[in-house]
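Before any comments, here is the structure.
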Amino acid sequence: MVAAAVLAVGLAPGTAVAHDGHGRGGDSDKSDDWKKDSEQRKLVKTLRNVTEDYRWLQNAIDDGYEKASECVENADGTGAMGFHYLKKDLLDDKTQARKPEVLVYMPNDHGRMKLVAVEFMSTAAEAPEIAGLEFEKGPFEGTWARHAWVWKDNPDGMFEAYNPDHSCPK
């Protein structure tokens, strides 16, 4: 079973979780494109509501999210995702707006980890979709993923994998 393999091997603490994100989508600002689609607006509102308490990392850890990666940068140097925290009980072939499998954090100017995005991850046989957005290939064989930058603006777009304004701490 793919989920068991991902949990047993792939998502050990410190494992990178990079995948087929698109990186820079050009020079135009696409950060507000999601506001034109009612399903996507509803998804963002739902995600903000269900992740409000997780804006502080300790709350996520207390609720069962575990560190799954160090900071993930785009291979071509155009941005980063951040540090991934996975709730293993949620990783399966289902996609539920109220239950994102992964929370993505970056340190703020004072070094404190803050929630910037969520990531849906699925082990479905075919690419799932949510709010009309098809998932891209995930970080591990047999997985699919889709980010949503619900707590940090992403000039490349709300649902792009990498944020060009981010870089991993050195």
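The values are calculated or read from the model by the stated rules, or taken from the named source; none is laboratory data. Note that the structure is predicted; figures quoted are calculated from it, not measured. Positions of Cβ are backbone-derived with ideal geometry, glycine not excepted, and every protein chain shown enters the neighbour counts.
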Inset, instruction - Quick one: count up the residues across region 61-102 that are of a type in the set (S, T, N, Q) and closer than 18 Å to V116 by Cβ. - result: 3
Legend entry - Residue count for region 69-117, restricted to those that are under 21 Å from M158 (Cα atoms) and assigned to a loop (DSSP other than H, G, I, E, B): 15
Legend entry - Sole exception among (1) more than 20 Å from L57 (Cβ to Cβ); (2) in a loop (DSSP other than H, G, I, E, B); (3) not hydroxyl-bearing (S, T, Y) for A145, by number: (2)
Legend entry - Long-range neighbours under 7 Å by Cβ, at least six apart or interchain, first residue closer than 18 Å to D89 by Cβ within region 116-133, second assigned to a loop (DSSP other than H, G, I, E, B) and small (G, A, S): M121/G138; T123/G142
Inset, instruction - Kindly indicate whether any position in region 141-149 is modelled with pLDDT of 95 or more and under 23 Å from K170 (Cα atoms). - result: yes
Legend entry - Which listed residue, of Y65, Y54, Y85, is buried (at least 21 other Cβ atoms within 10 Å of the Cβ), in contact (Cβ under 8 Å) with a residue 60 or more places away in the chain and more than 15 Å from K170 (Cα to Cα): Y54
Legend entry - Those residues of region 147-166 which are charged (D, E, K, R) and either under 18 Å from V102 (Cβ atoms) or surrounded by fewer than 24 Cβ atoms within 10 Å (Cβ to Cβ) (or both), in sequence order: K152, D153, E160, D165
Legend entry - Filter result (in contact with a Ser or Thr (Cβ under 9 Å, 6 or more places away or on another chain) and among the acidic types (D, E)) within region 39-76: E70, E73
